[in-house]
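Asker: My questions will all concern the structure given below.
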């Protein structure tokens, strides 16, 4: 199957700083990428949908100025958590689509804000 | 409005037993019914999926049963193994969604040796 690589796997940052998470499709071009957040023992919640070359579409309740998404190429999308706070600590997961139905997920990024 | 209801929330099965997880949905436009498997600290991975033109699909020890009229589908894991211990999510969707998924709440499966 298609491979999606997410980096870093884990990151610890200080409160008030910004953190960037990368999501790359390694062997296919991803016209659409999705960003999810997962709190401990909970399900994945869609945060936003990013399409290459256009603005991301955010789900209700997700602050677009706090979670900046850039999808500058067909193989890379980035999520930047700006001015991170402890409540932003979570597991962030990206997925990519290649035009079909199946989703290909990255391995996730564990963010801890201290 | 909760579009996807998954049960049970947790499941403990003895090695060699059968694990059954259920998913009920509301949107009749859904036409792709996958199950994802997630290990701790990892992203989910597609385990098995079914389209509505068949009522059952089997891949090795994993089987999906689909009931269109009841708007339900289930995952059966035969001869459950400790390595199957993970969280399972259903995420019914529409063809061409490219991964825009609404996940069930998940079922944590523990298979005891």
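Asker: Averaged over A:93-101, how many beta carbons belonging to a partner chain fall within 10 Å of each residue's beta carbon?
Answerer: 5
Asker: Normalising by the residue count of chain B, find the relative contact order in percent from Cα pairs under 8 Å and 6+ residues apart.
Answerer: 37
Asker: Continuing with this model, one more query. Regarding the protein assembly as shown, what is the average projected area of its C-alpha convex hull, in nm²?
Answerer: 12.4
Asker: OK, next. When the convex hull of the Cα atoms of chain A is projected onto a plane and the area is averaged over all directions, what value comes out in nm²?
Answerer: Seen from a random direction, the Cα hull of chain A projects 6.7 nm² on average.
Asker: Could you list, bin by bin from short to long, the percent of Cα-Cα pairs of chain B in 10 Å steps?
Answerer: 15, 50, 30, 5, 0
Asker: For the range B:1-62, count the residues as N, evaluate 2.2 N^0.38 Å, and divide the Cα radius of gyration by that value, please.
Answerer: Normalised Rg, Cα atoms only: 1.27.
Asker: Here's something else I'd like to know. Tell me, what is the percent relative contact order of the range B:62-113, built from C-alpha pairs under 8 Å that lie six or more residues apart?
Answerer: 33
Asker: Next question, about the same structure. Suppose a student asked you for the relative contact order of chain A, using Cα pairs under 8 Å spaced at least 6 residues apart; what percent would you report?
Answerer: Across chain A, relative contact order equals 38 percent.
Asker: Inside 10 Å of the C-beta atoms of B:34-42, what's the mean count of C-beta atoms belonging to other chains?
Answerer: 3
Every number here is computed from the coordinates shown, using simple stated rules; none is lab data. Quick caveat, the model's predicted, so the values are computed rather than measured. Positions of Cβ are generated from backbone atoms using ideal geometry, with glycine treated the same way; all protein chains shown enter the neighbour counts.
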